[in-house]
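The values are calculated or read from the model by the stated rules, or taken from the named source; none is laboratory data. Since this is a predicted model, take the numbers as computed values, not measurements. We place every Cβ from the backbone using ideal geometry, glycine too, and count neighbours over all the protein chains shown.
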Amino acid sequence: MANAIYPEFKQRLLQGEFDFDTATVKAYLVDLADYTYSAAHDAATDLTAGTGDVAVATLGTITTANGTLDAADFVFTAVTGDVSEALIITATDTLATERLVAYYDTGITGIPVTPNGGDINVTVNPSGLFDL
């Protein structure tokens, strides 16, 4: 699978269900042995159902400018578990439901990563998380 923006997120964005000025944005570090991307997935519950070890980080300094979603660098704290090969971004919608936003399994520096109980630092690409 290549990097993707979840189709349901695109639809919900077009319907005005997201305000990134007030949304909580998170990143999940996932093992692809436990999760398989599906264009039909739309909520974080699709991601976490039966996956076991999943590291989560809340992103800060969320900005939107000229069609680009950006965030500050972030840290997954004290990560244990299996090798993680993907990063998934989520955001809360106007109904306070955590929705899947973007899936990354290529082009992320340091991914795959083997957790060893320490912190995993993620540097957000200088051009942002994604462009619309």
Checked against (1) in contact with a strand residue (DSSP E or B) (Cβ under 7 Å, 6 or more places away or on another chain); (2) modelled with pLDDT of 90 or more; (3) farther than 20 Å from Ala72 by Cβ; (4) charged (D, E, K, R), Lys10 satisfies every condition except (1)
For Phe20, which of the numbered conditions (1) of a type in the set (Phe, Trp, Tyr); (2) under 12 Å from the mean Cα position of the chain (by Cα); (3) surrounded by fewer than 19 Cβ atoms within 10 Å (Cβ to Cβ) fails to hold?
(2)
Take Asp42 and decide whether it is among the charged types (D, E, K, R) and either at pLDDT below 90 or surrounded by fewer than 17 Cβ atoms within 10 Å (Cβ to Cβ) (or both).
no
Looking at Ala72, Ala91, can you tell me which residue is in a strand (DSSP E or B) and under 15 Å from the mean Cα position of the chain (by Cα)?
Ala91
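Is it the case that segment 41-49 has a residue that's assigned to a loop (DSSP other than H, G, I, E, B) and under 15 Å from Ile5 (Cα atoms)?
First, the residues of segment 41-49 that are assigned to a loop (DSSP other than H, G, I, E, B): 41-42, 49.
If we keep only those that are under 15 Å from Ile5 (Cα atoms) too, we end up with 41-42.
The answer is yes; a qualifying residue exists.
With Ala23, Ala44 as the choices, which residue is in contact with a strand residue (DSSP E or B) (Cβ under 8 Å, 6 or more places away or on another chain) and touching a residue at least 60 places away in the same chain (Cβ under 8 Å)? I'd like the intermediate steps shown before the answer.
On the way: Ala44 fails: touching a residue at least 60 places away in the same chain (Cβ under 8 Å).
Residue meeting the stated conditions: Ala23.
Provide a single number: the residues in segment 76-132 that are of a type in the set (Gly, Ala, Ser) and surrounded by 20 or more Cβ atoms within 10 Å (Cβ to Cβ). Talk me through it step by step, then tell me what you get.
Looking only at segment 76-132, we keep the residues that are of a type in the set (Gly, Ala, Ser), and these are 78, 81, 84, 86, 91, 96, 102, 107, 110, 117-118, 127-128.
If we keep only those that are surrounded by 20 or more Cβ atoms within 10 Å (Cβ to Cβ) as well, we get 84, 86, 91.
Residues that pass the stated criteria total 3.
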Give segment 50-69 a look and list any residue that's part of a loop (DSSP other than H, G, I, E, B), touching a residue at least 24 places away in the same chain (Cβ under 8 Å) and within 15 Å of the chain's Cα centre (by Cα), or say none.
Val54, Leu59, Ile62
Which residues, counting only those in segment 82-101, are over 19 Å from Thr36 (Cβ atoms) and out of contact with any Ser or Thr (no Cβ under 8 Å at 6 or more places or on another chain)?
Asp93, Thr94, Leu95, Ala96, Thr97
